[in-house]
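What follows is a set of notes on a single structure, which appears directly below.
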């Protein structure tokens, strides 16, 4: 669907600042082939389907990850935990220190797994779809891994790394009757 010619152009910086108000987790996507391994930071990651299990992430068309994925059998999405901001910065290409922060990838089905992360999802490449200046990469999930507790995620919001404060919101009292509200929704499945 194209934009009408009389519609105002959207300022890319304003769009980026606005979409940045959608809080996301932070992941490192990794693909390996032969003796090569390539990894990149991504926050455009989401679950797509449960049956079959699919996820998507987005990668710039000019990113080196594109060629790495074309040569690899699969890839991993490694969800970073609170305290792994240095790894996010490093794999995003923004690291300014002379030495890389400590990390290690271990062999795993589907792709290399980043040790110490909150969780990892291994995928086989299912499909690649054009999306403007990015590719939408669809992965078929072949394995999952959950790291040791606590698994508090590293978050990104408003152009900055954030941390989940598990103590700030008390758990809801499930015994208390909630006030009635009207809910409108689109059903997940249509009864036939």
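The values are calculated or read from the model by the stated rules, or taken from the named source; none is laboratory data. Everything quoted here is computed from the prediction, not taken from an experiment. Note that each Cβ is placed from the backbone with ideal geometry, even for glycine, and that neighbours are counted across all protein chains shown.
What the table shows:
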quantity: Restricting the range 1-27 to residues that are in a strand (DSSP E or B) and closer than 24 Å to residue 130 by Cβ, the residue that is modelled with the lowest pLDDT; calculated: 24
quantity: Residues within the range 4-32 that are closer than 27 Å to residue 162 by Cα and exposed (fewer than 10 other Cβ atoms within 10 Å of the Cβ), tallied; calculated: 4
quantity: Number of the exception - residue 107 against (1) within 13 Å of the chain's Cα centre (by Cα); (2) surrounded by fewer than 20 Cβ atoms within 10 Å (Cβ to Cβ); (3) at pLDDT below 90; calculated: (1)
quantity: The range 81-93, subset assigned to a loop (DSSP other than H, G, I, E, B), in contact with a strand residue (DSSP E or B) (Cβ under 7 Å, 6 or more places away or on another chain) and touching a residue at least 60 places away in the same chain (Cβ under 8 Å), residue surrounded by the fewest Cβ atoms within 10 Å (Cβ to Cβ); calculated: 82
quantity: Residue in the range 59-80 that is modelled with pLDDT under 90, out of contact with any strand residue (DSSP E or B) (no Cβ under 9 Å at 6 or more places or on another chain), surrounded by fewer than 20 Cβ atoms within 10 Å (Cβ to Cβ) and not in a helix (DSSP H, G or I) present; calculated: yes
quantity: Considering residues of the range 33-47 that are surrounded by 17 or more Cβ atoms within 10 Å (Cβ to Cβ) and either in a strand (DSSP E or B) or modelled with pLDDT of 90 or more (or both) only, the residue farthest from the chain's Cα centre (by Cα); calculated: 38
quantity: Out of 107, 101, 53, sole residue that is touching a residue at least 12 places away in the same chain (Cβ under 8 Å) and within 24 Å of residue 144 (Cβ to Cβ); calculated: 53
